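Here is the structure we will look at, set down as structure tokens.
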Amino acid sequence: MFRVGLTGGIASGKSTVAETFAALGVPVIDSDVIAREVVARGTPGLAAIVARFGPTVLDPHGELDRRALRAQVCADPAARRDLEAITHPEIRARMQALNAAAVGPYVINAIPLLTETGGRRDLDRVLVVDCPEALQIERVMARDRVDEAAARAVIAAQAPRGARLAIADDVIVNDGDLASLEQAVRALHTRYLALAATRS
């Protein structure tokens, strides 16, 4: 199966691009969805997180309290590495299984933190959804109802824009309307079908 990694900064339009590929019949495997599944109530992943970080990371229903966990790992690199050591192998294993089961000429692997977690592993192409930082800030402020300083802080916590672009084979600049974005996805869909056919 020809694998395309899809990534981009916060509020760049990754989700819309993924949904457009899915509407074209392309299997889309979303690492964010899987990341939630591997720490759901009753999973070994959640048990390991509680063992490492304590019961304060659970909400009253026994589910993971993401805000409480984020507060522990945000400013502590060692804690973040411990969390990643628990979750990343589970996420990778689940993604591998879903890739193996996918049907079609190619599959999209939507991985928001692709740049931060080592890049191209097992991928044939990397597609980065990009937009100017000023527009990104504007979108984060509108979506999350935060001020500019908070929006900048969220963006600064991610990999720099240049680092994402450095691993890209393909880039969609999402600074226009939805029709333009969908047109760009359709053009890449045609290209990926051709690339997948050449390899097979």
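Using the structure shown, decide if Ile155 is within 13 Å of Ser12 (Cα to Cα) and within 15 Å of the chain's Cα centre (by Cα). Here the answer is yes, as Ile155 does meet what is asked. A Cβ distance below 6 Å, combined with a sequence gap of six or more or placement on separate chains, defines the contacts here; from the stretch 112-133, residues that are open to solvent by 60 Å² or more (accessible area, probe 1.4 Å) reach residues that are part of a loop (DSSP other than H, G, I, E, B) in the pairs Glu116/Ala159.
For beta carbons closer than 6 Å, sequence separation of 6+ or different chains, a first residue in the stretch 27-43 that is in contact (Cβ under 8 Å) with a residue 40 or more places away in the chain and under 16 Å from Arg67 (Cα atoms) and a second that is among the β-branched types (Val, Ile, Thr) and assigned to a helix (DSSP H, G or I), the qualifying pairs are Ala35/Ile91. Scan the stretch 53-67 and tell me whether some residue there is open to solvent by 20 Å² or more (accessible area, probe 1.4 Å) and under 13 Å from the mean Cα position of the chain (by Cα). No, the stretch 53-67 contains no residue that is open to solvent by 20 Å² or more (accessible area, probe 1.4 Å) and under 13 Å from the mean Cα position of the chain (by Cα). No other residue among Ala149, Ala194, Ala159, Ala184 is surrounded by 13 or more Cβ atoms within 10 Å (Cβ to Cβ) and farther than 27 Å from Ile91 by Cα apart from Ala184.
The values are calculated or read from the model by the stated rules, or taken from the named source; none is laboratory data. Worth saying up front: this structure is predicted, and the values here are computed from it rather than measured. Positions of Cβ are generated from backbone atoms using ideal geometry, with glycine treated the same way; all protein chains shown enter the neighbour counts. Keep in mind that these areas ignore ligands, DNA and RNA; they rest on the heavy atoms of the full protein, side chains included. Shrake-Rupley method; radii C 1.70, N 1.55, O 1.52, S 1.80 Å.
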